[in-house]
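Chemist: Quick one: this structure, given as structure tokens, is what I'll be asking you about.
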Amino acid sequence: MGKRLAAIGMAAAIAGGGLTVAAINPLTAAGAAPTAVPAAPTPPGTTAAAHRKGPLQRALDKLVANHTLTRAQADKVLAGAKAEVKAGKATRKSNRQELLGVVAKALDATPEQVVAGLKDGTSIAAQAEAKGIDRQVVDDAVTKALTVRIDAAVKAGKLTPEQATKVKARLDRAVDRILDADGHRLGRRGKGQGN
């Protein structure tokens, strides 16, 4: 992979009643606006208005059409799903901001300084090196923060101890990816980049 292709940072995010190890981009984690993604073309035989509806809305519309659900029931399901998505996004944003704070503290910097470095293409590891801070100091801080989050998920019943063990087994690799990501590509794969 070319130097301009960022390794996608990994962070544990508690959302939707469970814990996922989610691919994130450090800029997105810091609240930077991602690059807009062009809208998908309207499939043949579908109106533009129907295409704008998400898959859940389309499925609910079919259930209403075949009288499995009433419109009121379908609307309640859709409203509940939207509320869950919104809550999950807020939790993930909070978790990413918390992780950014941990990184900034380990670097003896502000979150804004870390974000500025990432925007300039300087990975967290490179920022640490430039300040004469051992990479392991930052690694340990991030690993500790994610471990605390995983343990809290177990205590809250969102993860089983077995699931937590599996997630923790992947932390070293995840933290390395967080430290080595340079902020380019906003977490999207570049053309020709492998899995």
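A quick yes/no check of all residues on (1) modelled with pLDDT of 90 or more; (2) within 20 Å of Ser123 (Cα to Cα); (3) of a type in the set (Val, Ile, Thr); (4) surrounded by fewer than 13 Cβ atoms within 10 Å (Cβ to Cβ):
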{"position": "Met1", "(1), (2), (3), (4)": "no, yes, no, yes"}
{"position": "Gly18", "(1), (2), (3), (4)": "no, no, no, yes"}
{"position": "Pro44", "(1), (2), (3), (4)": "no, no, no, yes"}
{"position": "Ala50", "(1), (2), (3), (4)": "no, no, no, no"}
{"position": "Leu56", "(1), (2), (3), (4)": "yes, no, no, no"}
{"position": "Gln73", "(1), (2), (3), (4)": "yes, no, no, no"}
{"position": "Asn95", "(1), (2), (3), (4)": "no, yes, no, no"}
{"position": "Gly101", "(1), (2), (3), (4)": "yes, yes, no, no"}
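Chemist: Which of the following residues is part of a helix (DSSP H, G or I), over 19 Å from Arg177 (Cβ atoms), among the small types (Gly, Ala, Ser) and in contact (Cβ under 8 Å) with a residue 12 or more places away in the chain: Ala109, Ala81? Explain how you work it out, then say what you get.
Modeler: Working: Ala109 fails: part of a helix (DSSP H, G or I).
None of the other options fit; the residue is Ala81.
Chemist: When you check Gln127 against the structure, is it over 17 Å from the mean Cα position of the chain (by Cα) and surrounded by 20 or more Cβ atoms within 10 Å (Cβ to Cβ), yes or no?
Modeler: Considered against the rule, which asks whether it is over 17 Å from the mean Cα position of the chain (by Cα) and surrounded by 20 or more Cβ atoms within 10 Å (Cβ to Cβ), Gln127 comes out as yes.
Chemist: Can I ask one more? Would you mind stating whether Ala169 is of a type in the set (Gly, Ala, Ser), over 30 Å from Gly54 (Cα atoms) and within 21 Å of the chain's Cα centre (by Cα)?
Modeler: Here the answer is yes, as Ala169 does meet what is asked.
Chemist: May I pose another question? Could you grab the pairs with beta carbons closer than 6 Å, sequence gap of 6+ or different chains, first residue in the range 127-145 and on the phi < 0 side of the Ramachandran plot, second one surrounded by fewer than 13 Cβ atoms within 10 Å (Cβ to Cβ)?
Modeler: Pairs that qualify, where the first residue is on the phi < 0 side of the Ramachandran plot and the partner is surrounded by fewer than 13 Cβ atoms within 10 Å (Cβ to Cβ): there are none.
The values are calculated or read from the model by the stated rules, or taken from the named source; none is laboratory data. A quick note: this is a predicted structure, and the numbers were derived from the prediction, not measured. All Cβ positions, glycine included, derive from the backbone under ideal geometry; neighbour counts span all protein chains shown.
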